[in-house]
1. In whole Å and largest first, what semi-axes does the C-alpha gyration tensor of the chain yield when each eigenvalue is scaled by 5 and square-rooted?
2. Spelling out what I want: for every residue of the stretch 217-229, take phi, set θ = phi - 60°, compute 6.51 cos²θ - 1.76 cosθ + 1.60 (Karplus), and round to whole Hz; glycine and proline get x.
3. Please sort 106-114, 357-365 by packing, taking for each peptide the average over its residues of neighbouring beta carbons within 10 angstrom, highest first.
4. Hey, any idea what Rg/Rh is for the stretch 486-533, computing Rh the Kirkwood way over Cα pairs?
5. Arrange the peptides 318-324, 61-67, 271-277 so that the one whose residues have, on average, the most other Cβ atoms within 10 Å appears first.
6. Given the peptides 283-290, 165-172, 202-209, arrange them by the average over their residues of other C-beta atoms within 10 Å, most packed first.
7. Roll a 1.4 Å probe over the protein chains and send me the accessible area per residue for the stretch 386-472 in Å².
8. Could you derive backbone 3J(HN,Hα) for the stretch 354-359 from the dihedral phi with the Karplus parameters 6.51, -1.76 and 1.60 (θ = phi - 60°), listing whole Hz in sequence and x where the residue is Gly or Pro?
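The values are calculated or read from the model by the stated rules, or taken from the named source; none is laboratory data. The model shown is predicted, which means the values in this text are computed figures rather than measured ones. Because the Cβ atoms are built from the backbone with ideal geometry, glycine has one as well, and the counts that use them run over all protein chains shown. Accessible surface areas use protein heavy atoms only, side chains included; no ligands, DNA or RNA. Shrake-Rupley method; radii C 1.70, N 1.55, O 1.52, S 1.80 Å.
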Amino acid sequence: MKKKLALLLTAAMLTASLAGCGGNNSGSGGSGDSGSSSGTEAGTAAGHKESLIIGTDADINNLNLQEQQDATNNVVLKNTHQTLVFFNNGSQGDDRFVPCLATEWEFTDDTHITMKLRDDVYFNDGEKTPMTAEDVKFTLDMAMDNIVASALKGYVQSTVIDEHTIEIEIESYNNEFVQSLASVPLSIQSKKAYDDGVEDPYYIGTGPYKFDEWVEGEYCRLVKVEDYWGNDLPETDNLAPGVAETIEFRPYIEASSRVMALQAGEIDVCVNPPINELQYLEEDENVTVYEQTGTRLFYFAFNVEKEPWNNETLRQAVACAIDRNAVLEAAVYGKGTLQTTILNRGLWGFYDDMEGFDYDVDRAKTLMAEAGYADGGISTTLSYASGAPYEQIATIIQANLAEIGITATLEPMETATLKSECVEGNQELFLWRWNEDSKVDFVYRDLFYTGSGSNYHHYSDPKADELIDAVATEKDPDTRLADAQELQTYLVDACPQVPLYIANLVIAYNKNLQGQYFYGGGNHDWRHAYIAE
């Protein structure tokens, strides 16, 4: 379906000082880093291609910000829209979340946050409608009626103090509420566009690009905003104008097709190139292959409501039977990092020093006996999304389980079907992945808290819930860190899932690409990228 977007062409106390949305695009590589993130200095883009074409491994499926939470969509939307707070993946500590559309904020007490807004921002609606506190209140209130409400957990209401000041009320103190406002689906939208009955009002943003055309399955094209409000900002500021005149996202679902398109010059960037074809790309003098430690965790998991997987000792036996080194080699040719904990690398409080369950078949058989299954005799089903790397992972695990008397029938299915089955609790064993690079609560609460919609393990434990709440609300940093380490150790021992590996970020691109800003989980920022000539 072709959608011509003509309307866009026509029509803790925390106080952060104004430093620009994301500051300088710089990083040193490594875990939790932005990787190859070369800042654009004034004049560096003097000679460049008009377009930047990115070959993606998935198609866009929804561009209504608050009705989706898909990374594929968000990578597009962060070019056209902007958030109150910016997640600066290349930094740590207080520099990790920095001002964007908000210039500063402060907890005036445990449940009230006062935010100051920029006074020079306007929407790309053809009328230069100013962004004000009314738009912020409208956006946050609207979010509570959409699927992104989980990102605003604890939000009560907003009060407009003046045109560029807003007070946000939350139920109780939360260490990561402000960080939630960096979520792309919470980008500030135009209240006027909705009030005026504009068709698809969610397309209107404040970013340096706006939508031109989306042809599903073929491309989504963005065009540079010529009268963008931030045109006079320095190019080292992430709020600065874009560089390429157009950015185009083209889906190439078949991995080899992306490789051929890059080598033929049809695209400038190949997202997630197939590992088994990297050799050909590395030999191409016109292509750069970049790799760094990633943040996306692939794991094997149990539906703990299904017998016999409600038996914790049996789950631990299975964990000891899985040869994670073999899984890593089969899945990504060793391009990843094994880990024991359930938390994504790079996140605050990451702790990987618990004993865990290393590959040990003898220990696995001992635990099988303790669980009441000395002779095995278990038949089960392992569900997973069709295709790589899940096919390879499933085959290895199937053979591993056979060694301890568990017969696993492999059940591949479409990703959407698998998700639905997991939500309904119809699966027994399953493979999944989770990427989070900014908020620990999006791991703990989403995956393990009683009743969470993303808790596909259907795991429920009052102690785990108590520790998850403590990590979210504890103000003393030492106590909070101790709680985080206890929580991770507790969840690893309870074993609702077996962490397998963190996949490396691997991306290939035209050797003349400049201004790129990579995220370890793939949520890349293309606003300042271009192909030098």
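1. 40, 29, 20
2. Calculated HN-Hα couplings, in order: x, 10, 6, 10, 10, 10, 10, 5, 7, 5, 9, 3, 4 Hz.
3. Ranked from most to least packed, the peptides come out as 357-365, 106-114.
4. Rounded to two decimals, Rg over Rh is 1.28.
5. Working: 318-324: 23.3, 61-67: 17.0, 271-277: 18.7.
Highest mean packing first, the order is 318-324, 271-277, 61-67.
6. 202-209, 165-172, 283-290
7. Details: 3460 Å² over 87 residues.
I get 40 Å² per residue for this part.
8. 6, 5, x, 9, 6, 5
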